[in-house]
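Enquirer: Got a structure here, written out as structure tokens. Questions coming.
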Amino acid sequence: MHVFVIQSDVTKVAASAFLLPTDFKLRIEPYWPEWTHPESGFTVPDAYRSGDVRVLRGPAPQGRTPVYYVAVGTDRLSHMTDDATGRLAYVLESLGQFVARAAADLPATPPHRRAKHLLALPVVGTGKGGLSQSTGEVIGALLPALRALAELHGVDIVLVAHTRPMYAAIQAYRRRHPRPESIWSELAHKAQFRSAASALVAEIRAKRLVLFLGAGVSAGAGLPLWGDLLSELARVAGVEPDALWSLSSFLDQAAVLEDRLNETDPDALGSIIADQLASHVFSLLHALLASLDTPAAVTTNYDTLYEDARAAASRPVAVLPNELDPDKSEWLLKMHGCVTKPDSIVLSREHYNAYAESRSVLAGILQTQLMTKRMLFVGFGLTDDNFHKIVSAVRASCVNPSARTPGAASQAAFGIASVLFDKPMLTELWSGELDILPMVTQDTDATLADAARMLEMFIDYVGAEAATSGGYLLADPFECLLSQEDVKLARHVRTHLTRIFAHGPSDDPTYGKLVAFASQLGTSVDELASASGDKREKAGSSSGSSGGSRSNGNCDRSSVIATVPPPAPLIRSPWTDNMSNGHVFVLHSDIMELDCDSWLLPAWLSEMNTVMRWNKFWFPTGPRDIPISHARKNMSTPLVSLPGMGEERPVPWATDISGKSFGISGSAASKARIRYLKNSVISFLDAAAEFHLGADAERPTPLQGRERHLVAFPVSGNILHALVPAAFGAAARHGIDVAIVCFESPEMFAAAIAIRAAFVADPRAQALLDPPLSGDMKARIEKLSADIAADRTVLVVAEADSAPRAVILDEAVATLELQTDEVAAFASLPLTDQVRVLLSRLEAKGVTAPRKHIVKRLETELHRGGIPLLTALVANLGVRQVISTEWHCMLEAAARSAQRELLHLPARTTSRRGQRTIIKLFGDVRHSDNLPLEQRGLSRGDSTRMAMASATLATSRVLAVSSGRAAAVPGELMSAVKRSVQLQSFGTLITSDPNPFLSEAWPELDVIPVASPRALAIVFDELLSCVEARNTRHVLQHKFQEARTEYQKLIASDLASLANTTEKMRDSSAYYLVHELLVDLGFASARADIDARRPRPRLFGCNAADTTLHPSARAAFSSALQEIESGASPLKPSKSSSAKSSAKSAPASMTGGLAQDNCICSVRSAGAPA
């Protein structure tokens, strides 16, 4: 016998009988509204009122589960016993009477095809029974008592928890049982159960498990199986059963019945199926599966029982495709329709044949789950035709050939399929793709019901192992269930949270996360304040429970730049008379890969060293000399430009960051070093601006057709607060755009965004800013950022074919020797026609493999430049799902540089689950087999890509970006989505296309037009700022303390103390839950940073000991240093000069638009008179 545990509604589980607690007047709590008032005519016996009879069988409507009442209300119980121990004993005795009474009343055959009778009861006494503050003691006494009662009376029992903390506490008690094998004794001797459960628990905790439910799950609720359903349809249609069964295929049988029924009533089929599948209760298996923390499920069932079970567990799901609600992150896909929409039901062969066209989106959802998640198949026979077609498409696109061989790596499997009986041939058939887990072996005489019960016990075991341990850590009623380590951790967490919340509510995102964290642990802000005796008003605390409301994305950050005095009058460069201020972008990328006009390379010139990550810039193909020219004199820091990289490549500049030539020493955070490093950046920005825009400008035209020059420099965390004002000052003085490139970590990126937001919010800095976005635009951006932060967004990147057209045209002119008049005619052709002509001419000329020749040329030319600014910004958003029509791989490169790598779908492997994904609709040049050169579109493309892309659109909010005259979403894709789902709005399109008819052309999208590609980049920069404003991963990292908000500064010491304490309590079952919060606040990264600290100071994120330059570069740098030392510099380099004297001798002028006393000095523009 077995005691199951679920989170559900005790009145809705398919059981033989269930128990409802009442008071002595038969009053029932409103948890069960259908049972609050017994049927009229039912009289409460006097013996029940007096307490002489504890258990009473109540009236149940026809066909409903029998109900029993037990009186545990405090109105009479308080007169019988006045202590919790006595009340608990009374409850246990009453439950014993219920089980005995119900077992005696039960018929011989269990209902719902069960092997054993099932009795359901809630955790009695923990509501109005007077034991709410002793819930832990109740659980500790109840579970052993129920197990004994189940064995005594030969029944199974299901204990139903009404809340998640209650469910977690019960499961934790079961896990800590001294002999857990005795709880699941029927599973204990089978190693495959333990192995499969361990794998499933890991996937559940990683949010990677998706359920696939078949008809077997609903059979436990008494619903008919496929054959029974057809028999009922045959009876109504007047078809003889023997004649019907003469057709060997169920699909053909269904087709005949559908035709017969439609002759009399077109709606008869749906009505009959709905009647047959109607049920007031769901199966125990439904409830067990709904209690698992899984984000998604797929089913071929028509009924609504799984949705009902999820709702009963207070975890409702969006039902696809009927209910598309992006606000619900968890969903259920009804592949074959639902009884609530009879016309959607897939029953006959005709329906199956039309499935690929009419419901390709639904197939695409399943394909995506097979590739990116692990699946658990329950009650599904693996024989459905649609399922096999879908798996076949995934198999062809995804799984390695070796995955089909026996003994293939388990990580290549799609998941686990639970089956009732061992079928060796089925195991061999799915080897390497599905792990088949039989409930009973061939050498047993177990019945179908016995095997189904074994499956229930297995899912119960998985639920017990996967339940969150910390969900009740701070809930007082469960304190007695805590281990010694749990008690210690709870005390420290409670102490620190109480101190933190004593500061009051805040709109800071950290506060919202802490409120949600307290809720996860079973408490609230008000309860913590009440327990500590703090009577201060906590108004507004509930507003942060969903992650913290965010009025402007930040708390008050004025202290970040509070020490900066008012800026000096802005002195603009001569060439900026008619120009607005430039814009300052913040990126997480590799500066060497960014497409800009000039960029700065930090180096140790005196030691001839540079950082290893940029070594490939110096020696991409082997040692070579690097010509150094334009050595900048009259500066406070050594700076050299390094031209000779090509007219179409950004100009690299190198600066010495060691400071040894100027006597700079001390730590990386010393004032002298910060002053020196900021001077280095300002020198670079001023010199680069003059190089591009001055009277003798050598590169006056921005690269790649940009509207303004873009100048980029990398940053380190400990001087972010100094470099951000410098960037704004240079952008305002010279009218150039500046990119601050973070390359170390996402935490540094979040800190840089926070510091920039603080600077922009300061009224004293308004003169340095470019024109702000409109209020309407900011509101729309804020809404988009909320969807991105909640992982509800799919990014669609649409590219015009101008770049491929230019490459094809150049190839045609060079290879085919086109005449002038032919060039114009060729250029007027559509891209696909250009490719056909070029292929035909190349074949006529005898070129071997002309298609590969064109693809190779496209790959070379499309990746010739660096990562465009807009592409880098889009990659920084971190959207988990991307659909792209681009042929090149710039977005993937940008995501890799931002440590947000994208996995191509369909993938060549299924081993990397839960990763960010990208679907290249038209293929890409690096996989030439999938590149439809002759037909740029989906009609001849990969159907799997199309299905997966349309599925992604149907389940997420779309954010489409188009920088030219490209379709926001390909028409074929939009049509596929519309055929399968009903959507009024897909999402948003942000485009620089000036066409005024875009809104009418795309009614499904909220079109946001912008004036130019630069304006488009600025909009995405603002969107990125809004998204990152919710990021708190820098809070506990000391080197980013300047990026903390006022609220974060107030609570930093308490959080750090909590982090240090938590690390000493790893034996606590709630450790990982607390640690997860601390990681989100940057604790783990801070610890790693401390462990990895090196003796040399980290400047610009580089270390002088990382690598050594090749001797040819060493000689070049030596000559540059000699040139600088021989010049008439106002700051004469001297190894003996101290940092203090160096600082005094520097010219005092404007620094990046803001003067900072005793911290930052400025330099004149390069080339200016000393």
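Enquirer: Mind sorting 441, 991 by how few other Cβ atoms lie within 10 Å of their own Cβ, fewest first?
Expert: Details: 441 10, 991 23.
Ordered by Cβ neighbours within 10 Å, fewest first: 441, 991.
Enquirer: Would you calculate the convex hull of the Cα atoms in segment 224-276 and tell me its volume per residue in Å³?
Expert: On the way: hull volume 3.5 nm³, N = 53.
Measuring per residue, one finds 66 Å³ for the Cα hull of segment 224-276.
Enquirer: Quick one: 3J(HN,Hα) in Hz for segment 498-505, Karplus 6.51/-1.76/1.60 with θ = phi - 60°, rounded, Gly and Pro as x.
Expert: Rounded to whole hertz, the list is 4, 5, 5, 6, 5, 6, x, x.
Enquirer: How much length is gained if the chain between residue 450 and residue 695 is pulled fully straight, taking 0.36 nm per residue apart and subtracting their Cα-Cα distance, in nm to one decimal? Write down the numbers at each step before the final one.
Expert: Details: separation 245, 0.36 × 245 = 88.20 nm, distance 8.95 nm.
So the chain would gain 79.3 nm between residue 450 and residue 695.
Enquirer: Which percent, to the nearest 5, of DSSP beta bridges fully inside segment 3-183 are antiparallel? Please list the in-between numbers first.
Expert: On the way: 3 of 20 bridges.
Percent antiparallel among DSSP bridges in segment 3-183 is about 15.
Enquirer: While we're here: Using θ = phi - 60° and the Karplus form 6.51 cos²θ - 1.76 cosθ + 1.60, what ³J(HN,Hα) does each residue of segment 1071-1078 get, whole Hz, x for Gly and Pro?
Expert: Result, rounded to whole Hz: 4, 5, 6, 5, 5, 4, 5, 5.
Enquirer: Between residue 340 and residue 833, take the C-beta separation as r, use R0 = 51 Å, and let me know the FRET efficiency to the nearest 0.05. Intermediate results must be reported in sequence, preceding the final value.
Expert: On the way: r = 49 Å, r/R0 = 0.96.
That gives a FRET efficiency of 0.55.
Enquirer: Let me ask something else about it. With no solvent and one equal point scatterer per Cα, compute the Debye intensity ratio I(q)/I(0) for segment 3-183 at 0.18 Å⁻¹ and report its log10, rounded to two decimals.
Expert: Result of the Debye calculation: -1.28.
Enquirer: Here's a follow-up. Taking other Cβ within 10 Å of each residue's Cβ, how do 1057, 598 sort, fewest first?
Expert: Details: 1057 14, 598 24.
Taking fewest neighbouring Cβ atoms as first place, the list is 1057, 598.
Enquirer: Translational D (Stokes-Einstein, µm²/s) of segment 421-463 at 10 °C and 1.306 mPa s when Rh comes from the Kirkwood sum over C-alpha pairs?
Expert: Once the numbers are plugged in, D ends up at 140 µm²/s.
Enquirer: Between segment 728-802 and segment 1016-1068, how far is it from one alpha carbon centroid to the other, in angstrom?
Expert: 19
Enquirer: What are the ³J(HN,Hα) couplings of segment 881-892, residue after residue, when phi is run through the Karplus curve with 6.51, -1.76, 1.60 and θ = phi - 60°? Round to Hz, x for glycine and proline.
Expert: Once θ is set to phi - 60°, the couplings for segment 881-892 become 10, 10, 10, 10, 9, 6, 8, 8, 10, 5, 5, 5 Hz.
Enquirer: Lys and Arg at +1, Asp and Glu at -1: add these up for the other residues within a Cβ distance under 11 Å of residue 12 and post the number. Each step should come with its number before you reach the end.
Expert: Numbers: positive: 64; negative: 9, 34, 308.
Charge balance in the 11 Å sphere: -2.
Enquirer: Then there is this: What full-extension length gain, to one decimal in nm, is calculated for residue 822 and residue 250 as 0.36 nm per residue of separation minus the Cα-Cα distance?
Expert: Working: separation 572, 0.36 × 572 = 205.92 nm, distance 6.27 nm.
So the extension gain works out to 199.6 nm.
Enquirer: List the residues whose amide H sits under 5 Å from the amide H of residue 957, counting only those 5 or more places along or on another chain, with H placed 1.01 Å from N in the peptide plane.
Expert: Amide H to amide H, under 5 Å and 5 or more residues apart or across chains, residue 957 pairs with 793, 794.
Enquirer: Report the Cα-based extents of segment 803-862 along its three principal axes, largest first, to the nearest Å.
Expert: Sorted largest first, the three principal extents are 28, 26, 18 Å.
Enquirer: Please arrange 852, 128 by how many other C-beta atoms lie within 10 Å of their C-beta, fewest to most.
Expert: Ascending number of Cβ neighbours within 10 Å: 852, 128.
Enquirer: How far apart, in nm, are two points set 7 Å out from the Cα along the Cα-to-Cβ line at residue 704 and at residue 265?
Expert: 6.6
Enquirer: Of the cross-linked pairs 12/341; 488/513; 778/920; 25/128, which ones have a Cα-Cα span greater than 19 Å in the structure shown?
Expert: 12/341; 488/513; 778/920
Enquirer: Counting only other residues whose beta carbon sits under 11 Å from that of residue 1015, what net charge do I get with K and R as +1, D and E as -1? List each step's numbers first, then the result.
Expert: On the way: positive: 1014; negative: 707, 770, 1021, 1022.
Neighbourhood net charge equals -3.
Enquirer: Also, I was wondering about something else. Need one word for segment 715-766: rounded, prolate or oblate. Basis is the Cα gyration tensor (sqrt eigenvalues a ≥ b ≥ c); a/c below 1.5 gives rounded, then a/b vs b/c decides. If you can, show how the numbers build up before the last one.
Expert: Values: a/c = 2.31, a/b = 1.46, b/c = 1.59.
Oblate, since a/c reaches 1.5 and b/c is not below a/b.
Enquirer: Something else about it: So between residue 1038 and residue 329, what do we pick up on full extension, going 0.36 nm a residue minus the alpha carbon distance? Provide the component values of the computation, followed by the final result.
Expert: Working: separation 709, 0.36 × 709 = 255.24 nm, distance 3.44 nm.
The span from residue 1038 to residue 329 would gain 251.8 nm if fully extended.
Enquirer: Quick query: amide H of residue 588 versus all other amide H atoms, modeled in the peptide plane; which residues come in under 5 Å with a sequence gap of 5 or more or a different chain?
Expert: 742
Enquirer: Could you list which residues have their amide H under 5 Å from that of residue 903, counting only those 5 or more apart in sequence or on another chain, with H placed in the peptide plane?
Expert: For residue 903, the qualifying residues are 916, 917, 918.
Enquirer: Taking only the alpha carbons of segment 812-921, what extent do you get along each of the three principal axes, in Å, biggest first?
Expert: 51, 30, 21
Enquirer: Using r as the Cβ-Cβ distance of residue 1000 and residue 777, and R0 as 25 Å, what FRET efficiency do you calculate, to the nearest 0.05? Show your work: numbers first, answer last.
Expert: Details: r = 21 Å, r/R0 = 0.84.
That pair, residue 1000 with residue 777, gives E of 0.75.
Computed from the coordinates by the stated procedures, all read-outs in this text should not be read as laboratory data. Values in this document were obtained by computation on a predicted structure and should not be read as measured data. Don't worry about glycine lacking a Cβ; one is built from the backbone with ideal geometry, like all the others, and counts go over all protein chains shown.
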